[in-house]
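The values are calculated or read from the model by the stated rules, or taken from the named source; none is laboratory data. No experiment lies behind these values; they were computed from the predicted model shown. Cβ sites come from the backbone with ideal geometry, for glycine too, and all protein chains shown count toward neighbours. Note: areas computed on protein heavy atoms with side chains; ligands, DNA, RNA excluded. Shrake-Rupley method; radii C 1.70, N 1.55, O 1.52, S 1.80 Å.
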Amino acid sequence: MAYWLMKSEPGTWSWEQQKNEGKKGAEWDGVRNYQARNNMRAMKKGDFAFFYHSIGEKACVGIVKVVVEAHPDSTDTTGKWECVDVAAVADLPSPVTLADIKDTPQLENMMLVKNSRLSVQPVTAAEWKKVCALGGLKDPPTA
């Protein structure tokens, strides 16, 4: 089991829209970055990810679970892009902002701090627990 962070512009795909998809989830489509695509290829069914709003509040606002592993992105006509399907699992009671993350010494090496532009990125188990705690999630989903 691994942990991830997935960024979305709320005007394009918001946490509320993700939650409305229910347990069946939805494709995490439209990613056109090789490193992000490769990260999705590494995702396994059951992995958890932070849902991060990348515009405006710049914050982790919820948790999603991978429900379908990498497959062709339905929005791609070239055949070279893939995506996973994710379903909402839980709200973070308190959104964890980028500023919160940068102000937390235990998170100084988090990829979000080091490479903030990457839209799909790995999160260590220690980072997962710390961000969940900052977000007020008393019983975070774990491996």
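Roughly how many debye, to the nearest 20, is the charge dipole of the chain about its Cα centre, given +1 on each Lys and Arg Cβ, -1 on each Asp and Glu Cβ, and no other charges?
Working: 18 positive and 18 negative charges, 61 e Å.
Computed about the Cα centre, the dipole is about 300 debye.
Computed 3J(HN,Hα) for the stretch 11-21, one whole-Hz value per residue from the Karplus formula 6.51 cos²θ - 1.76 cosθ + 1.60 where θ = phi - 60°, is x, 9, 8, 9, 4, 4, 4, 4, 4, 5, 6, glycine and proline marked x.
Residue ranges 44-52, 111-119 sort as 44-52, 111-119 when ordered by packing (mean number of other C-beta atoms within 10 Å per residue, highest first). Ellipticity at 222 nm from helices only: DSSP H runs of n ≥ 4 in the chain, each -39500 (n - 2.57), divided by the residue count, give -6000 deg cm²/dmol.
Which whole-number value in Å² is the accessible area per residue of the chain, probe 1.4 Å?
Numbers: 7250 Å² over 143 residues.
Value for the chain: 51 Å² per residue.
Among the listed pairs LYS45/LYS80; LYS65/LYS138; LYS24/LYS138; LYS80/LYS130; LYS23/LYS114, those with a Cα-Cα distance over 29 Å are LYS80/LYS130; LYS23/LYS114. Peptides 29-38, 56-65, 89-98 ranked from most to least packed by the mean count of surrounding Cβ atoms within 10 Å: 56-65, 89-98, 29-38. Simple point charges give the picture: +1 on the Cβ of Lys and Arg, -1 on the Cβ of Asp and Glu, and for the stretch 1-70 a dipole about the Cα centre of about 240 debye. Over all other residues within a Cβ to Cβ distance under 9 Å of LEU107, the charged ones net out to -2, with Lys and Arg as +1 and Asp and Glu as -1.
Counting only alpha carbon atoms, the long axis of helix 125-134 and the longest principal axis of the chain meet at about 60°. For the stretch 75-115, the fraction of 1.4 Å probe accessible surface lying on carbon and sulfur atoms is 47 percent.
Rounded to the nearest 0.05, the FRET efficiency derived from the C-beta distance between ALA99 and ARG41 at R0 = 25 Å is 0.20.
The smallest convex shape that holds all Cα atoms of the chain, its convex hull, gives 97 Å³ per residue.
Extension gain for the segment ASN20 to GLU108, taken as residue separation times 0.36 nm less the Cα-Cα distance, is 28.4 nm to one decimal.
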